[in-house]
Amino acid sequence: MASAPAAAVPSEVNMDVNALLPEVGGDAGEADGSLVLRIVEEIRAGVAERDFHIRTRMAVHSLKRQLDMKRILSPAVRVDVAGILYPVITDERDLDQVLMKQFSRLLTRILKPRETEPLELILEWRPLYNLIDGFYFGKARHSNSSLCVNLGSCLVNLTRQVRRYFPEGADLAILDEFRPLCCPQDMAVLKAQGYLSLLLRRDQPAALDFIPELMAMWGWVVSYSDWDLHWLTLLSSVCRHTYIQHPDKWRPHVSFIFFHILHMLDIPVGPSRVHLYEGRETLSSSDGYPSCQLSIFNHSRSSKTLQLVKKASKLIVYLLEPSGAGQTMQMLRRLVKAVESFLHPSNGGYWTRRLSQLLASLCDNLQDRVRREHVLPEGHPAKLTPADIAEFTSVLLPLAFQGLYSKNGTATLQSCQALRVLALMDGQTLAPLLIRIDQALTTLTEVHQTSSALEALVAVARPMLRDLEQGAANLPNVMTLTLSGIDTNDTSKTWSTLRFYTSLLSGLPLIPITEAAPPGCDPVQHEVARQVTDMLLDWSLRFLDQCFTFIINQDSQSHTEASKENKADSESRTSEYFFQAALEVFFMQLGGDLFTSAMNKVANFCFTNLLVQQQRQLGVLVTALTAVEPQRVARKLLPLCFRILLETPADDRARTSRAPRTPSSDLNSPSKTPASPASPSPIRRPSSSATPPSWSKGGEQYALASLSEMELVYYLALLRFVIQGAGVEVIQWRKELEAVLTLSLAFEERSGVVSHRVNKGASKLLRATIHSLITARPKESRSVPAAQWNDPAWQQTHYKSWGNVVSMEEAQIEWREPTDEGLQWASDLAAKYVQGPMDKLRRFLATATAAPPTPEKGGKKSAAEALWGDV
């Protein structure tokens with residue numbers, strides 16, 4: 001059995017997310033893993049029969065599907081599958097390369113660490129080494145057969161997961177195998193170096209004892225990215241696994257490591273214009289290895305120079321010692337000081353990406369180390385203290401501020417990423433950052449910094465909520481200043497603003513605090529939170545007004561040519577995605593009274609505007625509103641839609657000309673005379689003396705109101721948006737909805753010609769209705785559990801939960817599941833409206849297949865004309 005890793009790591013979330021889904025039937029035996037056990041036995045039987053192409057392949061694919069559905073395999077199952085597939089993969093005699101790649105991918109996913117302790121599994125290293133070596137470093141100058149695409153990448157990924165299960169003493173055998181090849185005058189040293197960085201177990205003493213030899217060999221090759229990357233990969237990984245037990249063995253090498261890191265950054269100093277790695281990314285075939293085989297050890301698609309920076313950042317972070325011990329922090333400070341001016345916005349070049357990647361990777365790796373050390377006791381000699389984190393923040397913060405306003409977009413985003421991590425770990429980061437953001441949003445001379453400031457706000461939204469004094473106290477000013485960022489003419493600024501609101505509101509309940517501080521609460525913090533929530537009441541309504549303006553000003557030009565794919569279409573879809581995310585979170589976090597006000601404003605907006613060209617944006621708005629309180633929203637909007645679309649024979653307006661049926665802006669007084677819509681009044685259907693089509697059921701008779709085609713399309717779409725989120729709540733309007741469907745599907749734009757647009761709108765409504773009746777959806781997705789949300793005591797102190805996230809283990813998801821009545825209605829709708837057209841299609845296919853082709857001109861009718869002539 002392999003030993004546990006040296007560094008303790010907090011266990012990741014190891015739960016079956018399928019347990020959170022509603023139970024809607026299926027195989028009851030799957031709950032206890034019996035299906036997975038049957039699949040494993042099928043793999044075992046297929047391997048025993050050497051039936052790799054059919055039986056084993058199909059069983060492996062079935063197990064892959066279980067992993068795709070987020071099924072959690074037990075350790076025993078993972079050990080069984082690894083014991084079965086590993087010998088099959090490493091024995092290439094009976095397995096082709098395509099199957100080898102598929103099996104390798106599955107085994108890589110199974111062996112990926114999910115817990116602190118490794119599996120009770122031992123796998124030999126030499127069969128896997130012989131497999132890779134035979135494919136890429138065989139005796140033939142050129143391979144006799146071409147290799148499967150990405151096979152090398154799959155095998156390298158598999159090796160990285162398998163090496164932790166190599167037996168004790170494997171590192172010594174690996175070093176004995178490759179030490180003879182480590183000669184500076186022989187190209188074989190590159191092959192040996194690649195295998196050493198790939199195969200050595202990081203947690204074994206032999207790997208740590210090899211570090212002095214590695215340092216001595218590092219200077220043999222200069223300006224070759226693969227050489228530096230292999231050594232840095234090995235060094236950073238070994239340091240991550242051994243820095244807790246053996247920090248003393250790393251201290252002598254710190255200055256030498258920083259020397260190489262500064263060399264790899266290749267900062268332009270002096271008149272030289274030669275780049276260190278330019279044209280030297282890989283070896284050509286003339287250098288000793290055909291087809292650049294050495295590149296299989298570095299299969300990432302990103303630039304090798306950026307990979308070097310990531311590995312160097314990881315090594316630096318794990319070389320840090322607590323309480324200022326050692327010289328790593330001092331060397332890091334000098335390194336940052338040396339490169340700070342090169343990240344200035346006016347000093348851009350090929351080095352900008354490297355320096356911004358260095359900044360982001362340093363912060364990410366520090367966050368990873370702090371998370372790993374969370375399980376260590378306080379006062380542990382290897383655990384970083386808050387003072388160490390504060391010092392680290394003070395070193396990197398100037399570099400992050402420099403890169404924030406870079407002309408390189410990637411550098412800006414990576415600086416925001418670094419600021420997010422720094423703000424989470426050290427609250428002192430927020431104060432200077434918010435000062436810069438306020439200047440960028442208010443000063444006319446710094447308008448060009450607005451986009452960068454908004455991106456920074458997106459990054460630090462959660463840290464702002466968690467720091468009530470420095471962060472949340474500035475929310476009124478920040479949220480007011482950013483409202484103008486929702487601008488139809490500036491898509492990038494709109495995206496940043498909507499992302500900021502989504503991130504912020506996902507941890508900020510929009511519930512006013514009206515009472516004084518209860519016992520046990522800080523009166524100062526309570527008063528700050530009360531002032532913030534008072535501002536949120538006004539901001540919420542202003543945000544809705546801004547959203548209404550955004551919807552009205554949407555340009556529909558890109559939708560006129562649906563067959564063409566252009567930049568405007570892509571930007572429109574991206575805007576809708578961010579718009580939908582922001583509105584879903586906004587409505588979900590609204591308190592009761594505030595939600596009622598928002599619902600009335602949305603209803604007023606929908607029924608005082610005829611937004612035919614902005615249906616997609618309007619659908620996002622209405623669907624997001626309905627998902628929160630489907631019953632209340634349905635009772636508010638559906639009767640108004642039916643009152644506009646339908647009329648009874650007793651209604652005198654059916655025989656006389658009437659005003660537009662759009663209700664007035666005062667939706668709380670339905671008896672008032674309807675007012676004209678805000679949009680230009682469309683041309684209405686001319687009155688006819690003929691009796692309009694009607695629909696009757698249960699003694700009630702309905703006729704379609706004399707609306708224009710444009711009005712019908714709009715209100716059918718509005719019905720669809722409400723029903724999409726309402727689900728079974730629409731059953732009480734069953735007769736009205738069936739009347740609308742029947743009459744709309746038969747609506748004629750002129751005598752004898754069915755309106756294509758209205759028919760399409762009615763068909764979409766039918767599809768949405770059936771889908772909403774047969775599907776399940778979560779009742780709510782707020783920032784706290786439902787029981788806590790409805791607690792009056794919590795609502796007066798909810799600022800204590802700002803920025804918190806419900807963990808997967810604590811999630812209590814309630815579902816709106818289909819009812820028997822809803823399923824029966826969906827079946828009736830399908831039988832009434834779908835079955836007939838489907839039968840006609842089947843007859844058409846049968847007729848077209850059986851009947852011989854007929855001439856296009858003259859003669860008998862075609863099969864399609866004979867079938868659909870009466871439609």
*For the range 157-270, calculate the relative contact order in percent as a whole number, restricting contacts to Cα pairs under 8 Å that are 6 or more residues apart.*
23
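Can you tell me, using C-alpha contacts under 8 Å and at least 6 residues apart, the relative contact order of the range 31-70 as a whole percent? Walk me through the intermediate numbers first.
Values: 21 pairs, mean separation 16.5, N = 40.
Taking the mean separation of contacting Cα pairs over the length of the range 31-70, I get 41 percent.
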*DSSP-loop chymotrypsin sites (Phe, Trp or Tyr not before Pro) across the range 207-253, with at most 15 other Cβ within 10 angstrom*: TRP220
_Centre separation in Å (Cα based) which lies between the range 691-757 and the range 498-528_ = 45
_Entries of LYS70/LYS311; LYS697/LYS760; LYS249/LYS383 with Cα pairs more than 22 Å apart_ = LYS70/LYS311; LYS697/LYS760
*Apply the Karplus parameterisation 6.51 cos²θ - 1.76 cosθ + 1.60, with θ equal to phi minus 60°, to every residue of the range 427-436 and state each ³J(HN,Hα) to the nearest whole Hz, in sequence, with x for glycine and proline.*
x, 5, 6, 5, 4, x, 5, 5, 5, 5
*Nonlocal amide H pairs with GLU748, under 5 Å, H built at 1.01 Å*: SER755
*Can you list the HN-Hα couplings for the range 223-239, worked out from phi with the Karplus curve (6.51, -1.76, 1.60; θ = phi - 60°), rounded to whole Hz and with x for Gly and Pro?*
6, 10, 5, 4, 4, 5, 5, 4, 5, 5, 4, 5, 4, 5, 6, 5, 5
*Label points 7 Å out from Cα along the Cβ direction at GLU749 and ILE54: separation in nm?*
5.6
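When the chain is fully extended, how far beyond the present Cα-Cα distance does ARG38 get from LEU483, taking 0.36 nm per residue of separation? Please report the intermediate quantities before stating the final value.
Values: separation 445, 0.36 × 445 = 160.20 nm, distance 5.65 nm.
Additional length available on full extension: 154.5 nm.
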*Under the Karplus relation 6.51 cos²θ - 1.76 cosθ + 1.60, θ = phi - 60°, what is the ordered set of whole-Hz ³J(HN,Hα) values for the range 171-178, x standing for Gly and Pro?*
4, 5, 5, 5, 5, 5, 6, 10
*If you bin the C-alpha pair distances of the range 298-361 every 10 Å from 0, what whole percents do you get?*
19, 45, 28, 7
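Give the calculated FRET efficiency between SER694 and LYS840 to the nearest 0.05, with a Förster radius of 22 Å applied to their Cβ-Cβ distance. Display every interim value, and only then the final one.
Values: r = 25 Å, r/R0 = 1.14.
It comes to 0.30.
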*Portion, in percent, of the accessible area of the range 454-530 that falls on carbon or sulfur, probe 1.4 Å*: 50
*Accessible area in the full protein assembly, largest first, 1.4 Å probe, for ASP820, ASP91*: ASP820, ASP91
*Give the accessible surface of the range 709-791 per residue, rounded to a whole number of Å², with probe radius 1.4 Å and ligands, DNA and RNA excluded.*
40
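Run the accessible area of the range 335-419 with a 1.4 Å probe and give the carbon-and-sulfur part as a rounded percent. Let's see the in-between values first.
On the way: 1890 of 3300 Å².
That share works out to 57 percent.
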*Using a 1.4 angstrom probe with every protein chain in place, what is the largest-first accessible-area order of CYS183, CYS547?*
CYS183, CYS547
_Distance between the C-alpha centers of the range 336-392 and the range 154-207? Whole Å please._
29
*Non-local amide H neighbours of GLN701 (under 5 Å, H modeled in plane, Pro and chain starts lacking H): which ones?*
none
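Count charges around GLY219 for me, please; just the other residues with Cβ under 14 Å from its Cβ, Lys/Arg as +1, Asp/Glu as -1.
On the way: positive: none; negative: GLU213, ASP228.
It works out to a net charge of -2.
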_Most positive-pole-ward Cα, LEU196, GLN161, MET215, against dipole of the range 160-268 from beta carbon charges_ = GLN161
*If amide H atoms are built 1.01 Å from N in the plane of the peptide, which residues on other chains or at least 5 residues away come under 5 Å of the amide H of LEU200?*
none
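Determine, from the Cβ-Cβ distance of HIS61 and ARG114 and an R0 of 30 Å, the FRET efficiency 1/(1 + (r/R0)^6), rounded to the nearest 0.05. Write down the numbers at each step before the final one.
Working: r = 22 Å, r/R0 = 0.73.
Plugging the Cβ-Cβ distance into 1/(1 + (r/R0)^6) gives 0.85.
Using a 10 Å cut-off on Cβ atoms, rank the peptides 430-442, 100-112 from the highest mean neighbour count down. It would help to have the intermediate numbers written out before the result.
Numbers: 430-442: 17.6, 100-112: 20.3.
Order by mean packing, descending: 100-112, 430-442.
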*asked:* Tell me the per residue accessible area of the range 158-254 using a 1.4 Å probe; a whole number in Å² is fine.
replied: 33
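Probe of 1.4 angstrom, ligands and nucleic acids ignored: what's the accessible area per residue over the range 579-647, in square angstrom?
Working: 1870 Å² over 69 residues.
It amounts to 27 Å² per residue over the range 579-647.
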*Work out how much length LEU541 to ARG126 would gain on full extension: take 0.36 nm times their residue separation and subtract the Cα-Cα distance, in nm to one decimal.*
142.7 nm
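The values are calculated or read from the model by the stated rules, or taken from the named source; none is laboratory data. In this text, all values refer to a predicted model and were calculated from it rather than measured experimentally. When we count neighbours, we look across all protein chains shown, and the Cβ atoms used for this are built from the backbone with ideal geometry, even at glycine. What goes into the accessible areas is simple: the full protein's heavy atoms, side chains included, and nothing from ligands, DNA or RNA. Shrake-Rupley method; radii C 1.70, N 1.55, O 1.52, S 1.80 Å.
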